[in-house]
Amino acid sequence: MQPTVAADPEHIAISKSKGIKIDWKDGHQSDYPLAYLRDECPCATCTGAHGTEPQKSNYSKPDASPFQMYKPALKMLSVEPIGSYAIRINWNDGHNSGIYSWVHLRKVCPCAECKGLRDSA
């Protein structure tokens, strides 16, 4: 039997129009809004893992101009498990190559406590 680690989810709630909430086995809770999840995509294209310029999205960033062209609201079309260690999200912007491991999701937790720990490291 494998020991419980901080990156093991206890419960996952998915809202295709709002985001993902995870209760972790160590008692921590994470709430990932859609824009944040899309911006934190761990795929090679978004992170520049192939030695190319990272192509990160900026859905979390407010529009610079009040006269932006219409763009459809970001949504998850589907979420599928990848083994017992991750999920893959199919986005309505056509992106679907990111595999969000539990380790990655815990590492990028947007809560104030986790953000503070990342900022102080």
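Derivation of every value follows stated rules applied to the coordinates shown; laboratory data play no part. As the structure is a prediction and not an experimental result, all values here were calculated from the model. Here the Cβ positions follow ideal geometry from the backbone for every residue, glycine too, while neighbour counts run over all protein chains shown.
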Q: Quick one: what are the phi-derived ³J(HN,Hα) couplings along the range 99-116, Karplus 6.51/-1.76/1.60 with θ = phi - 60°, whole Hz, x for glycine and proline?
A: 10, 8, 6, 4, 4, 4, 4, 5, 5, 9, 3, x, 5, 4, 4, 5, 4, x
Q. Which aspartates and glutamates, on any chain, are close to Lys56 with Cα under 19 Å apart, when same-chain ones fewer than 8 places away are left out?
A. Asp39, Glu40, Asp93
Q) With each run of n ≥ 4 DSSP H residues scored as -39500 (n - 2.57), what mean residue ellipticity at 222 nm is computed for the chain after dividing by its residue count and rounding to the nearest 500 deg cm²/dmol? A) -5000 deg cm²/dmol
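Hey, any idea what Rg/Rh is for the chain, computing Rh the Kirkwood way over Cα pairs?
Working: Rg = 15.2 Å, Rh = 15.5 Å.
With Rh from the inverse mean 1/r over Cα pairs, Rg/Rh is 0.98.
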Q. Using the 10 angstrom Cβ neighbour count as an exposure proxy, how do Leu34, Leu117 rank, fewest first?
A. Leu117, Leu34
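What's the exposure ranking of Cys109, Cys114, going from fewest to most Cβ atoms within 10 Å? Please list the in-between numbers first.
On the way: Cys109 21, Cys114 15.
By the 10 Å Cβ count, ascending: Cys114, Cys109.
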Q.
Give me log10 I(q)/I(0) at q = 0.15, 0.25, 0.32 Å⁻¹ for the range 66-116, Debye formula, one equal scatterer per alpha-carbon, no solvent.
A. -0.58, -0.94, -1.12
